[in-house]
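S.K.: Sending over a structure as C-alpha cells; questions will come in a sec.
We did not get these values from a lab; they are worked out from the coordinates using the rules stated. Remember, predicted model here, so these are calculated numbers, not experimental data. Heads up, the Cβs are rebuilt from the backbone with ideal geometry, glycines too, and the neighbour counts pull from every protein chain shown.
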Ligand code: SAH
C-alpha cells in the first residue's frame, strides 16, 4: 500500500508516529495493529479542513451526523477482533469514513464492510482505492442483518452502538469467531466481545465507550 495522497508528507508521518506512541501509552500492545495504524494515513479519511486534527485522539465529523472513531477506539476494536491470528474473513458493520476498514484490511484476508448511508460508503470506497487497498468488499445495506452471502466470518466488528446484540451477527460467526460490538444506546455503553465457542457464546464486557447508534434501515 502506498500513501498516495499523503500530501502532508513528513509532518504527517511524524504526527502519525506520535499517535502510535500515544496508543502504546494507552495500552495498545498488538504489534500488527500498531504497524497498520502507522502505515495508513488517517488524514485522508477526513475533510481537508480537519486534516490537521486527524492524528489527535478524538472522533471527528464525517458528515451525515456520523464520526470517524478516535484512534484509540479503532486500535482497541481491531486488537480485540483480530487477536493473535490472521482472520480470512472479517465483517465490518458501519464503514463510515473507511478508516477502520483500511486498518482491518492490513490484518485480514478480506474485509466485508456494510454501511447504511450510501454516500459515505462511496467516499470510503474511493479513498481505499486511492490507497491501493483492494481486499475489501462493500455493501450498502442495514448491517444489523450482517451480510449472509459471505458468512461465516472469523471476526465481526461493529462500529455503531446496538441496543442489543443482533442475532444475525451471532449466527454469522464462524466457530471460534469473535464479535466486537458496543452495546447500549443511552449513557453507559459497554464494549462487548463475544466468542463463538463449542459450548455456546462467551460474552465479556470490556470497557465503557461512546459510539453513534446502530440504526435500522437505509440512510
Ligand atoms: N469505523 C467508522 C465509524 C463510523 S461511525 C469510522 O471510523 O469512520 C458508524 C457508522 O455506522 C456510520 O457511518 C453509520 O452510518 C453506520 N451505521 C449505523 N447503523 C448502521 C447499520 N444498521 N448498518 C450499517 N451501517 C450503520
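S.K.: Once you have a ≥ b ≥ c as the square roots of the Cα gyration tensor eigenvalues for the stretch 26-104, tell me rounded if a/c is under 1.5, and otherwise prolate or oblate according to whether a/b is larger than b/c.
M.R.: Details: a/c = 2.09, a/b = 1.54, b/c = 1.36.
Here the stretch 26-104 falls in the prolate category.
S.K.: From the square roots a ≥ b ≥ c of the eigenvalues of the alpha-carbon gyration tensor of the stretch 126-200, which class results: rounded (a/c under 1.5), prolate (a/b over b/c), or oblate? Mind showing how you got there, number by number?
M.R.: Details: a/c = 1.98, a/b = 1.31, b/c = 1.52.
In terms of gyration-tensor shape, oblate.
S.K.: Under the 0.36 nm per residue contour assumption, what length would be gained going from the current alpha-carbon distance of residue 195 and residue 53 to full extension?
M.R.: Details: separation 142, 0.36 × 142 = 51.12 nm, distance 3.52 nm.
Working it through step by step, the gained length comes to 47.6 nm.
S.K.: Could you sort 19-27, 117-125, 153-161 so that the peptide with the highest average Cβ count within 10 Å comes first and the rest follow in order? Let's see the in-between values first.
M.R.: Numbers: 19-27: 14.7, 117-125: 18.2, 153-161: 26.0.
Highest mean packing first, the order is 153-161, 117-125, 19-27.
S.K.: Further, regarding this structure: Running a GNM on the chain with Cα contacts under 10 Å, which residue among 50, 128, 60 ends up with the highest mean-square fluctuation?
M.R.: Among 50, 128, 60, the largest GNM mean-square fluctuation belongs to 50.
S.K.: Right, here's the next one. Say each of residue 164 and residue 208 gets a label point 7 Å from the Cα, pointing the same way as Cα to Cβ; how far apart are those two points in nm?
M.R.: 2.5
S.K.: Then there's this: Compute the separation of the alpha-carbon centres of the stretch 179-197 and the stretch 204-219 and state it in Å as a whole number.
M.R.: 8
S.K.: A further question on this structure: Tell me the angle of helix 118-130 to the major Cα principal axis of the chain, expressed in degrees between 0 and 90 and rounded to the nearest ten.
M.R.: Between helix and principal axis, roughly 60 degrees.
S.K.: Now for a separate question. What spacing in nm lies between the two simple spin-label points modelled at residue 185 and residue 118, each 7 Å away from Cα in the Cβ direction?
M.R.: Placing both labels 7 Å along Cα→Cβ, they lie 2.4 nm apart.
S.K.: Classify the stretch 1-157: rounded, prolate or oblate, from the alpha-carbon gyration tensor (a ≥ b ≥ c, eigenvalue square roots; a/c under 1.5 rounded; otherwise prolate if a/b is larger than b/c)? Don't skip to the end; give the middle numbers.
M.R.: Values: a/c = 1.67, a/b = 1.24, b/c = 1.34.
Judged from the Cα gyration tensor, the stretch 1-157 comes out oblate (a/c at least 1.5, b/c at or above a/b).
S.K.: Before anything else, pin down the relative contact order of the stretch 124-219: Cα pairs under 8 Å, at least 6 apart, normalised by residue count, whole percent. Walk me through the intermediate numbers first.
M.R.: Numbers: 171 pairs, mean separation 23.7, N = 96.
For the stretch 124-219, the relative contact order is 25 percent.
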